[in-house]
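Just so it is clear, none of the values below were taken in a lab; they were calculated from the coordinates. Since this is a predicted model, take the numbers as computed values, not measurements. Cβ coordinates were reconstructed from backbone atoms using ideal geometry, including for glycine residues, and neighbour counts include every protein chain displayed.
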Amino acid sequence: MGAPAPELNSRLIQLHAEYARAIDDGNFEAWPEFFVENCLYKLTTADNYAQGMEAGVMYADSRNMLRDRISALRVANIYERHRYRHLVGLPVVLGSEKGVIRSEAPFMVVRIMRDGTMDLFATGRYLDLVEESKDGSLRFRERIVVCDSNRFDTLVAIPL
Amino acid sequence: MGAPAPELNSRLIQLHAEYARAIDDGNFEAWPEFFVENCLYKLTTADNYAQGMEAGVMYADSRNMLRDRISALRVANIYERHRYRHLVGLPVVLGSEKGVIRSEAPFMVVRIMRDGTMDLFATGRYLDLVEESKDGSLRFRERIVVCDSNRFDTLVAIPL
Amino acid sequence: MGAPAPELNSRLIQLHAEYARAIDDGNFEAWPEFFVENCLYKLTTADNYAQGMEAGVMYADSRNMLRDRISALRVANIYERHRYRHLVGLPVVLGSEKGVIRSEAPFMVVRIMRDGTMDLFATGRYLDLVEESKDGSLRFRERIVVCDSNRFDTLVAIPL
């Protein structure tokens, strides 16, 4: 139960907040820029994760794959039907080594339909490896998004 | 993706937390005190905001107007029917100039009815200009509350 | 509207985040360890709390009582039916004296059923007295969990 340096905590909070903001603003092109070049991004369910199953809902092991994903999303145009609102909870710093920070944060996403109805879209946790880039900014080396529910809208097109 | 000074982040978090707490405690008289004298408070929807439409659900351009709003609310007595719970997400600091900080934070509000049922009442984001008062405390110069949904309970009487 | 030292804020955030994480991970045995030996834990409703009624949904005045509670939970096996996700909001520091910090934080808990459906399980606030242990870690001397709704699932078996 040790606590990280306030400066680190402050920067992590800012990283999480900017990530969620980019997605909720529909600024998807900014999304891959939160990751390092050779990153790992997985979106999976808690049951799959507990069973060590690799196959998830979404998988990318480079920033270019994330960019491709966004291009496909823009073509499909699915994202325009709804609005999303992320709330990222307080992050836990689990450790850090050689400038790479292991941390975890819970999240909740609400979907707002065009007719104004709102529903709980997803809850879960982010399992992150965060590193400091040469320009001094923090980026994700690894982000595993573990959703609590196994029931997925087949149209999960936006990044979580 | 720069990060603010930990000290500033810490104070902003405290400001957001105290604001939400005052409202959820029903301590509405404390609400105008979170603003400077010549403030701007707007409550609007994401669609209206995107279209640059000024007219919103609620508008006030001075602390006195906020106080009037609360007096009206106390007379109408509407607020007693429900309870509200705000969850304010991690704030993003977007910049600061001459002691005025531009920041943004997402929020989620749950309404709890007298019979115990709970529903998602609103989600959205706060677009803020925060300044340091002479007594050293932070106050809102401007707070624009942009709700994600266009569907508004006609009884939106409490401040958001 | 003063703000706490960034270092304290950072440690409080870490404490809240680790507490929520332990429960949501089903790591209930870790839960009593967030409290000091002679602690007070109460789970109650907003109406009961406002009326000064002591009787709540759950009461424990030592860490051993919390451990007993967890043992009973493990035997009953009720917790396996669902998954829970806590989101703890930004904490407010209300004061501190002789190393004991009085603070408050709002929370929201979503329950995820085995079939994947999600619902708002509880909202409320934590009223805390936090103290620094001899090993330098923060622990709860007192945690009063005040739920907004009076309607309780009779199976509230997990800690909140």
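Quick notes on this one:
- Ellipsoid semi-axes in whole angstrom, largest first, where each is sqrt(5λ) of the Cα gyration tensor of region A:6-147: 24, 17, 17
- With 29 Å as the limit on Cα-Cα distance, the pairs of B:Lys134/C:Lys42; A:Lys98/B:Lys98; B:Lys42/B:Lys98 that go past it are B:Lys134/C:Lys42; A:Lys98/B:Lys98.
- Helix C:63-76 vs. chain C, principal-axis angle (Cα, 0 to 90°, nearest 10): 20 degrees
- A:Leu40 label point (Cα plus 7 Å toward Cβ) to equivalent points in the other copies: 4.8, 4.8 nm, shortest first.
- 5 angstrom amide H check on A:Ser96, placed H, neighbours 5+ away: A:Arg102
- Per-residue shielding of A:32-39, expressed as the average number of other chain Cβ atoms within 10 Å of the residue Cβ, stands at 0.
- Working note: 222 nm ellipticity from helices only, DSSP H runs with n ≥ 4, each -39,500 (n - 2.57), summed and divided by the residues of the protein assembly as shown, gives -7500 deg cm²/dmol to the nearest 500.
- Under 18 Å from a label point set 7 Å out along the Cα-to-Cβ vector of C:Lys134, the amide N atoms of region C:21-59 belong to C:33-39.
- Centroid-to-centroid, using Cα positions, region C:92-160 and region B:92-160 are 23 Å apart.
- A simple charge model with +1 on the Cβ of Lys and Arg, -1 on the Cβ of Asp and Glu and nothing else charged puts the dipole of the protein assembly as shown at about 460 debye relative to its Cα centre.
- Most positive-pole-ward Cα, B:Ile13, B:Pro91, B:Met108, against dipole of region B:6-147 from beta carbon charges: B:Met108
- Reported to the nearest whole Å, the Cα centre-to-centre distance from region C:23-74 to region A:26-77 is 39.
- Square roots of 5 times each gyration tensor eigenvalue, C-alpha, the protein assembly as shown, largest first, Å: 30, 30, 24
- With label points set 7 Å from Cα along Cα→Cβ, the inter-copy distances at B:Val57 are 2.8, 2.8 nm, sorted shortest first.
- Shown here for region B:88-160: chymotrypsin sites (Phe, Trp or Tyr not before Pro) in loop regions (DSSP other than H, G, I, E, B) with at most 15 other Cβ atoms within 10 Å, namely B:Phe152.
- In sequence order, calculated HN-Hα J values of region C:93-109 (Karplus, 6.51, -1.76, 1.60; Hz; x Gly/Pro): 8, 9, x, 8, 8, 6, x, 10, 9, 9, 9, 9, 8, x, 8, 9, 10
- Amide H partners (placed H, <5 Å) of C:Cys39, local residues excluded: C:Ser62, C:Arg63
- A Förster radius of 45 Å, combined with the Cβ-Cβ distance separating A:Glu33 from C:Asn27, puts the computed FRET efficiency at roughly 0.85.
- For B:Asp119, the point set 7 Å out from Cα toward Cβ sits 1.5, 1.5 nm from its twins in the other copies, listed from shortest up.
- Set of region A:118-147 residues, backbone N closer than 14 Å to the point 7 Å along the Cα-Cβ line of A:Met53: A:147
- Spacing of the two label points (7 Å from each Cα toward its C-beta) at C:Glu7 and A:Met65, in nm: 4.3 nm
- Taking 0.36 nm per residue of separation and subtracting the current Cα-Cα distance, fully stretching the chain between B:Met113 and B:Ser96 would add 2.1 nm.
- Computed 3J(HN,Hα) for region C:129-143, one whole-Hz value per residue from the Karplus formula 6.51 cos²θ - 1.76 cosθ + 1.60 where θ = phi - 60°, is 10, 10, 10, 8, 6, 4, 7, x, 8, 8, 9, 7, 8, 9, 9, glycine and proline marked x.
- Placing unit charges on the Cβ atoms only, positive for Lys and Arg and negative for Asp and Glu, gives region A:6-147 a dipole magnitude near 220 debye about its Cα centre.
- Other protein chain C-beta atoms within 10 Å of residue C-beta, averaged over B:99-111: 3.
- When the GluC sites (Glu not before Pro) in region A:10-68 are filtered for DSSP coil states and for at most 13 other beta-carbon atoms within 10 Å of their beta-carbon, the remaining sites are A:Glu54.
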